[in-house]
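The values are calculated or read from the model by the stated rules, or taken from the named source; none is laboratory data. Because the structure is predicted, anything quoted here is derived from the model rather than measured. We place every Cβ from the backbone using ideal geometry, glycine too, and count neighbours over all the protein chains shown. Only protein heavy atoms, including side chains, enter the accessible area calculation; ligands, DNA and RNA are left aside. Shrake-Rupley method; radii C 1.70, N 1.55, O 1.52, S 1.80 Å.
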Amino acid sequence: MEKIIEENKQGESLVLEHKTGNTKKLFIESYGCAMNFSDSEVVASILSENGFNTTQILEEADLVLVNTCSIRDKAEQTIRKRLEKYNAVKRINPKMKVGVLGCMAERLKSQFLEEEKIVDLVVGPDAYKDLPNLLAEVESGNDAINVILSKDETYGDISPVRLNSNGITALVSITRGCDNMCTFCVVPFTRGRERSREPQSIMTEITNLWNQGYKEITLLGQNVDSYLWYGGGLKKDFEKASDMQKATAVNFDTLLEMVATTFPKMRVRFSTSNPQDMHESVLHVIAKYPNICKHIHLPVQSGSDRILKEMNRLHTRAEYFDLITKIRTIIPECSISQDMIAGFPTETEQDHQDTLSLMEFVKYNFGYMYSYSERPGTLAGRKMEDDVPEETKARRLQEIVDLQQKHSWFRSEEFIGKTVEVLIEKTSKKSAAQFSGRNSQSITVVFPRENYKIGDFVNVKINTCTSGTLIGEVVGYSEMN
Ligand code: SF4
């Protein structure tokens, strides 16, 4: 693979990996969660072995792939709009083939081909290795589809081709699927049962990244805390494993410690956690190693015990408070972020007040907040009426967002006067004279670039802030450099 530096529309330098001799052009774009962005890098790798190099120019593509999200109705509407755009481009580039990947492809299956005539190819999240065969089918003039979910596919044997990469930070997937069956969520239906990736293949991928100069990795999964390798197979079949398999099983805190000790100068992040699966042992590993970032994304969705039950979230409000208190005790400098849903079916004003008071207890650093969007096929979608009026949902969501904004200010102001370690990731959007990067707590920091460069670990003294950004000046290199 040769590395090519190109600028994207935002003027940022991107590192593209191209295979010499490949002549076909792939335009791939991703929507939704980090899992989709990581999967697109697996797809780019599979296709680079079949004659494709990536391009940033849609109009010159032989193949256009969109990795879709189905988490909310709005996400699906965004994809349909993109397909209209492709329609316009196809008029000037008739040889172009169009494929849809990801969760919406898995949810709609052949319906996608019926509803969207521009689509030639529908491929679910576990079927990317079948792409070369499916493309041959399309080249012979047929539509093609594979949406079979797998019990053991982890793409652990695929070396991802980094996309839109700054050459510094990278995603490394460690699990696929989810067994939790939260009643509002499509993921268990679109990504299948939970299975973990073989540890050695994870370590090999990180070694390759380290050798290429990457400085930070994010261990990725819908539910990283339930990572469990015992020789392959589904998480739910662990009870049937042999004593030897159980004795040598690798869980999340073991994997995290393995990565942190093997690559002491590599910064380690992970996402996403589920409170019901997070063990205290992981907190002690985070506290023990300076290169594991002090940030935990801990979705809660609601502060009401009654609604948590309706959502099939297997923890109570009190248990969540206990976990927060443990995090604050074991890792005092840890930042915590949230996911929240406003207006879940049957949500009362008191349930909403419970959400606000939970936020008051935690005072999250930042969060992702949405109104409930009914998803077809989910238990809530099948059994619960979407009975909270849209204007009530909107008012409650605004109150949650406003409270989060207040808490983000509070948490950002705690950094003023402190010195934080930052990995320089890019030129600041606001000024070419400034760099930006994130501190260990995953908060964006902006500072004058001086003679430093992208990829340096620097110590920045924080002078002021906004609700979401810390502003300061470099006081020197950090020990991680
Ligand atoms: S934990 Fe719940 S919300 Fe998260 S992916 Fe799994 S089912 Fe969806």
Check: What pairs can you find where one residue is in the stretch 294-308 and touching a residue at least 24 places away in the same chain (Cβ under 8 Å) and under 30 Å from Glu421 (Cβ atoms), the other is in a helix (DSSP H, G or I) and within 16 Å of the ligand (Cβ to nearest atom), and their Cβ atoms are less than 7 Å apart, with a gap of 6+ or different chains?
Finding: Leu298/Pro275; Val300/Pro275; Val300/Tyr320
Notebook entry, point to check: Before we move on, is Phe344 of a type outside the set (S, T, N, Q), part of a loop (DSSP other than H, G, I, E, B) and within 16 Å of the ligand (Cβ to nearest atom)?
Noted result: yes
Next item on the list: Being touching an Asp or Glu at 6+ places or on another chain (Cβ under 9 Å), closer than 23 Å to Pro199 by Cβ, among the β-branched types (Val, Ile, Thr) and assigned to a loop (DSSP other than H, G, I, E, B) is the filter here, so list the residues in the stretch 159-185 that pass it.
Entry: Val161
Next item on the list: Among the residues of the stretch 260-293, write down those that are in a helix (DSSP H, G or I), aliphatic (A, V, I, L, M) and closer than 24 Å to Arg317 by Cβ.
Entry: Val282, Leu283, Ile286
Check: Are any of the residues in the stretch 52-61 over 26 Å from Gln212 (Cα atoms), in the same structural domain as Ala136 (by TED's automatic domain parsing) and open to solvent by less than 20 Å² (accessible area, probe 1.4 Å)?
Finding: yes
Next item on the list: Could you grab me the full set of residues in the stretch 340-392 that are open to solvent by less than 30 Å² (accessible area, probe 1.4 Å) and under 16 Å from Ile71 (Cβ atoms)?
Entry: Met340, Ile341, Ala342, Gly343, Phe344, Gly367, Tyr372, Ser373, Arg375, Thr378, Ala380, Gly381
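Residues that are free of Cβ contacts under 8 Å to residues at least 24 places away in the same chain: which helices (runs of 4 or more DSSP H) entirely in the stretch 55-123 hold 2 or more of them? Quick ask: steps written out before the conclusion?
Working: elements: 73-92, 102-108, 111-115.
So the answer is 73-92, 111-115.
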Notebook entry, point to check: Exactly one of (1) basic (Lys, Arg); (2) assigned to a strand (DSSP E or B); (3) over 21 Å from the mean Cα position of the chain (by Cα) is unmet by Lys309. Its number?
Noted result: (2)
Checklist line | Set Glu194, Glu205: member being acidic (Asp, Glu), within 30 Å of Ser70 (Cα to Cα), within 11 Å of the ligand (Cβ to nearest atom) and in the same structural domain as Ala380 (by TED's automatic domain parsing) | finding: Glu194
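Of all the residues that make up the stretch 394-428, how many are within 25 Å of the chain's Cα centre (by Cα) and open to solvent by 80 Å² or more (accessible area, probe 1.4 Å)?
Step one: list which residues in the stretch 394-428 are within 25 Å of the chain's Cα centre (by Cα), which gives 397-398, 400-405, 407-409, 411-412, 420-428.
After this cut, where a residue has to be open to solvent by 80 Å² or more (accessible area, probe 1.4 Å) as well, the list is 398, 402, 405, 409.
So the answer is 4.
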Note to self: Just to be sure before I move on: is Pro125 of a type outside the set (Gly, Ala, Ser), outside the structural domain of Glu17 (by TED's automatic domain parsing) and surrounded by 23 or more Cβ atoms within 10 Å (Cβ to Cβ) in the structure I sent?
What the structure shows: no
Next item on the list: Look through the stretch 214-241, keep the residues that are more than 15 Å from the ligand (Cβ to nearest atom), modelled with pLDDT of 95 or more and assigned to a loop (DSSP other than H, G, I, E, B), and return whichever of them is most open to solvent (accessible area, probe 1.4 Å).
Entry: Lys215
Note to self: Among the residues of the stretch 321-334, are any crowded, with 17+ Cβ neighbours inside 10 Å, in contact (Cβ under 8 Å) with a residue 40 or more places away in the chain and within 14 Å of the ligand (Cβ to nearest atom)?
What the structure shows: no
Next item on the list: Determine, yes or no, whether Ser38 is modelled with pLDDT of 95 or more, open to solvent by less than 20 Å² (accessible area, probe 1.4 Å) and in a loop (DSSP other than H, G, I, E, B).
Entry: no
Checklist line | Unmet criterion (only one of (1) surrounded by fewer than 17 Cβ atoms within 10 Å (Cβ to Cβ); (2) of a type in the set (Asp, Glu); (3) away from the ligand (no atom under 16 Å from the Cβ)) for Asp179 | finding: (3)
Checklist line | Qualifying positions in the stretch 18-35 - open to solvent by less than 20 Å² (accessible area, probe 1.4 Å) and under 22 Å from the mean Cα position of the chain (by Cα) | finding: Met35
Checklist line | Evaluation of Val187 against (1) over 23 Å from Cys293 (Cβ atoms); (2) without any contact (Cβ under 8 Å) to a residue 24 or more places away in the chain (one fails), failing number | finding: (2)
Notebook entry, point to check: Of these, Ser173, Ser196, Ser150, Ser140, which one is hydroxyl-bearing (Ser, Thr, Tyr), closer than 30 Å to Lys426 by Cα and either surrounded by fewer than 21 Cβ atoms within 10 Å (Cβ to Cβ) or touching a residue at least 12 places away in the same chain (Cβ under 8 Å) (or both)?
Noted result: Ser173
Next item on the list: Filter the stretch 76-88 for residues that are among the hydrophobic types (A, V, I, L, M, F, W, C) and buried (at least 18 other Cβ atoms within 10 Å of the Cβ) and give the result.
Entry: Ile79, Leu83
Next item on the list: Could you run through the stretch 242-285 and say how many residues are within 16 Å of the ligand (Cβ to nearest atom) and in contact with a His (Cβ under 8 Å, 6 or more places away or on another chain)?
Entry: 6
